[in-house]
Amino acid sequence: MQRYASYPDYKPSKVDWLGEIPAHWSVKRLKNVATYNDEALDERTDPDYEIEYVDISSVSLLKGIEYSEKISFEKAPSRARRKVKDGDVIISTVRTYLKAIAAINNPADNTIVSTGFAVIRPMSNLHSGYAGYLLQSNGFVGDVVAHSNGVSYPAINASDLIRIPAVEPPFVEQQTIARFLDHKTAQIDTLIAKKQALLEKLAEKRSALISHAVTKGLDLSVPMKDSGVVWLGDIPIDWQLCQFRRLMIGGTQNGLYKPKEFFSKDGTPFIQMGEAFSEPIICKAAKDRVLLSNTELSQWALNKGDLIFARRSLVFEGSGKCSVIGELPEPHVYESSMIRVRLKTKKIDPMFAFYFFGSVFGRSQILATTKRVTISGIDSQQLKDVLVCVPSLEEQKRILEYIQDTVAQHTNAVERIAKVVARLQEYRSALITNAVTGKIDVRGFKLPEADKETVHA
């Protein structure tokens with residue numbers, strides 16, 4: 001990483017997170033250099049007026065505003081009230097540990113943010129570009145979190161947030177620091193984007209290799225036959241294509257519903273949808289536990305090798321998603337939004353079935369029958385009708401060995417790239433913090449000619 005010079009003279013800031021600052025800089029309360037929550041949407045706004053609504057969930061420290069929602073004023077939540085303009089900085093005042101902070105750059109006139117944000121507007125003595133970086137620096141963000149109240153739902157009043165100290169260099173230096181960080185963060189963001197694009201390509205390659213293995217096999221020289229299914233095409237001549245129901249023991253079973261009063265640390269681990277989505281090969285104990293009768297435990301207990309499918313999902317693509325039960329430390333049950341399938345293991349290996357249902361062909365069949373409603377879903381009958389490619393158990397074993405090797409290689413590559421991305425993100429954050437607090441001297445920075453059109457005003 002590039003080394004930068006320090007300022008020639010420093011002085012104590014008397015603020016822990018700032019430490020020493022350049023001798024000619026000053027420390028002021030944020031309220032002395034910025035205002036907050038200046039404008040709000042009038043309650044008498046036309047009900048049909050369309051806004052671009054930004055909620056806390058759509059903002060992150062690393063990516064800024066990731067998305068917004070077009071919605072009429074009448075249908076917008078009551079918290080959709082704060083107006084913003086170019087140069088503002090929005091800082092979440094609730095669940096501050098999420099660090100939902102973003103600079104506002106050239107927003108649409110109808111952009112409205114949640115009242116869960118404090119909208120900070122720099123005064124004339126605080127450069128908006130510099131302010132955006134200062135309020136996203138590690139020290140300032142840490143101070144916001146430190147001054148928050150509450151454990152499970154920490155929050156800070158905007159009036160308290162505005163009292164947090166801010167460092168104020170001369171205005172010309174603020175401009176230079178903003179230009180420097182615009183240039184450097186853009187370079188870093190480009191590198192991060194390239195690494196993330198590589199991760200996407202690796203994921204696509206992994207998916208394609210697995211899909212081919214579970215529908216075409218590994219031996220390209222074997223004779224093929226027409227599957228009779230247009231979107232599947234040919235399959236190896238000795239493979240079977242059969243309905244999923246023929247591979248099941250006892251059909252399907254929907255999960256168990258238990259009201260909140262049955263949740264207890266003394267209960268049986270209870271697998272919920274989020275866990276199945278995040279860990280498709282389930283080997284860890286579930287976070288939640290429920291009190292069960294012996295009959296309930298007997299009926300809904302999961303065995304190693306069971307498949308569970310998402311019976312319904314708020315996201316269309318999540319409907320019918322398959323997970324497989326691994327070696328669990330104790331008996332588990334599963335929630336009502338999932339379907340359990342127990343397999344005839346003399347015909348199909350559960351792991352082969354799991355990978356098949358994650359393949360392009362398997363997912364296509366599931367999604368083709370999924371009902372597109374508010375909560376998308378698939379029923380047991382539809383699941384039973386899905387066509388499954390079934391090679392011999394010996395060939396399934398060879399395919400699984402190949403897939404496991406492919407997955408291991410992919411995982412190693414992903415981990416290496418993820419470490420690079422993490423280091424780049426850490427460097428980006430440290431560079432911002434060091435520049436806005438005067439730990440490095442960038443006064444001599446000259447913007448390359450090619451980048452001068454993108455400079456902050």
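Brief remarks on what is shown
- Selection count, the stretch 170-229, where residues are under 30 Å from H410 (Cα atoms), in a helix (DSSP H, G or I) and among the small types (G, A, S): 8
- Residue count for the stretch 230-262 satisfying the condition of being assigned to a strand (DSSP E or B) and either modelled with pLDDT of 95 or more or more than 32 Å from the chain's Cα centre (by Cα) (or both): 11.
Yes/no per residue for (1) closer than 21 Å to I162 by Cα; (2) in a loop (DSSP other than H, G, I, E, B):
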{"site": "Y7", "(1), (2)": "no, yes"}
{"site": "W17", "(1), (2)": "yes, yes"}
{"site": "D38", "(1), (2)": "yes, yes"}
{"site": "R44", "(1), (2)": "no, yes"}
{"site": "D48", "(1), (2)": "no, yes"}
{"site": "Y67", "(1), (2)": "no, yes"}
{"site": "K75", "(1), (2)": "no, yes"}
{"site": "R82", "(1), (2)": "yes, no"}
{"site": "D86", "(1), (2)": "yes, yes"}
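- Candidate set: the stretch 319-358, residues that are of a type in the set (S, T, N, Q) and modelled with pLDDT under 95; chosen: the one farthest from A213 (Cα to Cα): S336
- Members of the stretch 141-160 that are crowded, with 18+ Cβ neighbours inside 10 Å and in contact with a Pro (Cβ under 9 Å, 6 or more places away or on another chain): D143, S148
- Of everything in the stretch 39-68 that is without any contact (Cβ under 8 Å) to a residue 40 or more places away in the chain and closer than 14 Å to P107 by Cβ, the residue that is surrounded by the most Cβ atoms within 10 Å (Cβ to Cβ) is I65.
- For L30, the criteria (1) out of contact with any Ser or Thr (no Cβ under 8 Å at 6 or more places or on another chain); (2) under 12 Å from A80 (Cα atoms); (3) of a type outside the set (K, R) hold in every case but one, which is (2).
- Of all residue pairs spaced 6 or more apart or on separate chains, those with beta-carbon atoms under 8 Å, a first member in the stretch 223-234 that is under 15 Å from F356 (Cβ atoms) and a second member that is assigned to a loop (DSSP other than H, G, I, E, B) and at pLDDT below 95 are S227/G233.
- If only residues of the stretch 273-306 that are part of a helix (DSSP H, G or I) and crowded, with 18+ Cβ neighbours inside 10 Å are counted, the one that is modelled with the highest pLDDT is W300.
- Subset of the stretch 134-188 (residues that are under 19 Å from R121 (Cβ atoms), of a type in the set (S, T, N, Q) and in contact with a Leu (Cβ under 9 Å, 6 or more places away or on another chain)): Q136, Q174
- Inter-residue pairs, beta-carbon under 9 Å, first not assigned by TED's automatic domain parsing to the domain that holds I91 and in the stretch 110-133, second surrounded by fewer than 24 Cβ atoms within 10 Å (Cβ to Cβ) and in a strand (DSSP E or B), 6+ apart: none
- Any hit, the stretch 398-410, residues being within 30 Å of Y130 (Cβ to Cβ) and in a helix (DSSP H, G or I): no
The values are calculated or read from the model by the stated rules, or taken from the named source; none is laboratory data. Since we're looking at a predicted model, the values are computed, not measured. Positions of Cβ are backbone-derived with ideal geometry, glycine not excepted, and every protein chain shown enters the neighbour counts.
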